[in-house]
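Undergrad: Let me give you the structure first, and then I'll get to my questions.
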């Protein structure tokens, strides 16, 4: 006689650092704020976004939702406009051309932000 064996399997997924919450939505932690211009340096690998220069995206930090453009240099957008760049570590940097991103957003080191690449302005 064959005795059935029951095996219980539990799967636990743990996400450390940045994650992808939904299609086209990414979360990141601000790891550093630049001294001079207040650029927000994140721990999110910029390549994961799949954005090309000129692509729009939405940045959400605290209670603010900000429209921004992906670029390769600050002057890719008009002065005073928000943009995202790839920093020297290959991660996402959020900046304002000619402005101060930490003052403009109210976000600082340790804050979590969301980047939406689908349905962005």
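Undergrad: Being under 13 Å from the mean Cα position of the chain (by Cα) and surrounded by 15 or more Cβ atoms within 10 Å (Cβ to Cβ) is the requirement here; does residue 50 meet it?
TA: So residue 50 does not fit the description; no.
Undergrad: Within segment 57-75, count every residue that is exposed (fewer than 15 other Cβ atoms within 10 Å of the Cβ) and touching a residue at least 12 places away in the same chain (Cβ under 8 Å).
TA: 6
Undergrad: Here's something else I'd like to know. What number of residues within segment 76-121 satisfy the criterion of being part of a loop (DSSP other than H, G, I, E, B) and touching a residue at least 60 places away in the same chain (Cβ under 8 Å)?
TA: Count: 12.
Just so you know, all these numbers are worked out from the coordinates, no wet-lab data involved. All values derive from a computational prediction rather than experimental measurement. Cβ sites come from the backbone with ideal geometry, for glycine too, and all protein chains shown count toward neighbours.
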